[in-house]
Amino acid sequence: MIWKRKPGVNLQGVNLKGANLKKDLDLRRADLRAANLEGVNLGGANLTGANLEGAHMWWANLSNAKLEFANLSVAALFEANLSNANLRKADLRVVWLSNANLAGANLRKADLNNATLIKANLEGANLTGANLTDANLTGANLRGAGLSDTNLTGATMPNGEIFS
């Protein structure tokens, strides 16, 4: 099934820096391109199919969030908490996830092409079928992560070696 993006609420460029939004907030298909979500609490929020391209989300809490089919390309998620988040088939191309917590996250078939995951915690994450082509995983924790059918071509592995 291909996700059909119907318009949700338009919050493009909004500044919600530090906002503590209610748990289980429904932002399905919302347009949050280039939004300032630094330090925002979106734990448990439903962002299925949302467009967060280029969003600034440093230190954001997205634990247990639903981000299936979401577009997070070119987003900055430095030290963000995405533990147990559902990012199945999400677009995470060229995303910055350095020092982010993705423990237990579902990244099945997600596109992480050219993603920066330096020192990211991916312990127990499901990366089955994900695209990590040219991703930087230097110092990342992949303990217990599911990597079956994952494309790691050109990726910099946790030990600094390039996967070929």
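Counting only C-alpha contacts under 8 Å and six or more residues apart, can you give the relative contact order of the range 87-146 as a whole percent? In percent, rounded to a whole number, it is 33.
Taking trypsin sites (Lys or Arg not before Pro) across the range 91-164, the ones in a DSSP loop with at most 14 further Cβ atoms lying within 10 angstrom of their Cβ are Arg143. When the pairs Lys23/Lys89; Lys66/Lys89; Lys66/Lys109; Lys22/Lys109 are compared against a 19 Å limit on Cα-Cα distance, Lys23/Lys89; Lys22/Lys109 fall above it. Here the relative contact order of the range 116-164, from alpha carbon pairs under 8 Å that lie six or more residues apart, stands at 38 percent. The 3J(HN,Hα) values that the Karplus relation (6.51, -1.76, 1.60; θ = phi - 60°) gives for the range 138-152 are, in residue order, 3, x, 6, 9, 10, 4, x, 6, x, 10, 5, 6, 7, 8, 10 Hz. Gly and Pro appear as x. Less than 5 angstrom separates the built amide H of Phe78 from those of Met57, Trp58, Trp59, all sequence-distant by 5 or more or on a different chain.
For the chain, relative contact order (Cα pairs under 8 Å, six or more residues apart, normalised by length) works out to 12 percent. Computed from Cα atoms alone, the Kirkwood hydrodynamic radius reported for the chain is 15.2 Å. Couplings 3J(HN,Hα) for the range 67-80, derived from phi with the Karplus relation 6.51 cos²θ - 1.76 cosθ + 1.60 (θ = phi - 60°), are 10, 4, 6, 6, 9, 10, 4, 6, 7, 9, 10, 4, 6, 6 Hz, where x marks Gly and Pro.
No value in this document is a laboratory result; all are computed from the given coordinates. No experiment lies behind these values; they were computed from the predicted model shown. Cβ atoms come from the backbone with ideal geometry, glycine included; neighbour counts cover every protein chain shown.
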